[in-house]
């Protein structure tokens, strides 16, 4: 599955499936609308951070527009995210249960298991590799 990532105006990360439900165009080719929503480049459909469709420009009638936007078929899968230890984590479950599991009771994202302090690097995991040359020489960012 392809994903599209972006930051909102407050610096929070958002993750959506990279597929517009209308014509299956990649949302990563779209843009961030002035409202902060992700806009599909193909027909201009817009999606909020929860993956809900908020705008279908081709529908002029307000009632029909609201009905179409609220349809589950007009939504995109959204995934919980968290920045931890300088890395962006995306939780792979977009269901309501997945969002609940990825969020602690106080509303803060839960710690990903792989980043847990209990899971430290073990010397046994790389036994015998310490004396090998790296495949790519280490370089400072200023050398790139």
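The values are calculated or read from the model by the stated rules, or taken from the named source; none is laboratory data. Worth saying up front: this structure is predicted, and the values here are computed from it rather than measured. Cβ placement follows ideal geometry from the backbone for every residue including glycine, while neighbour counts extend to all protein chains displayed.
Annotations for the structure displayed:
Condition check ((1) closer than 18 Å to residue 90 by Cα; (2) touching a helix residue (DSSP H, G or I) at 6+ places or on another chain (Cβ under 8 Å)) across all residues:
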site	(1), (2)
13	yes, no
19	yes, yes
26	no, no
50	yes, no
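- In the condition set (1) surrounded by 13 or more Cβ atoms within 10 Å (Cβ to Cβ); (2) farther than 20 Å from residue 95 by Cα, residue 79 is compliant with all but (2).
- Candidates 15, 69, 20, filtered to the one that is part of a loop (DSSP other than H, G, I, E, B), surrounded by 14 or more Cβ atoms within 10 Å (Cβ to Cβ) and touching a strand residue (DSSP E or B) at 6+ places or on another chain (Cβ under 9 Å): 20
- The condition (being touching a helix residue (DSSP H, G or I) at 6+ places or on another chain (Cβ under 9 Å), more than 22 Å from residue 38 (Cα to Cα) and modelled with pLDDT of 50 or more) is satisfied by just one residue among 110, 114: 110.
- Complete set of residues in region 25-55 that are part of a loop (DSSP other than H, G, I, E, B) and surrounded by fewer than 17 Cβ atoms within 10 Å (Cβ to Cβ): 26, 33, 34, 35, 36, 41, 42, 43, 44, 50, 52
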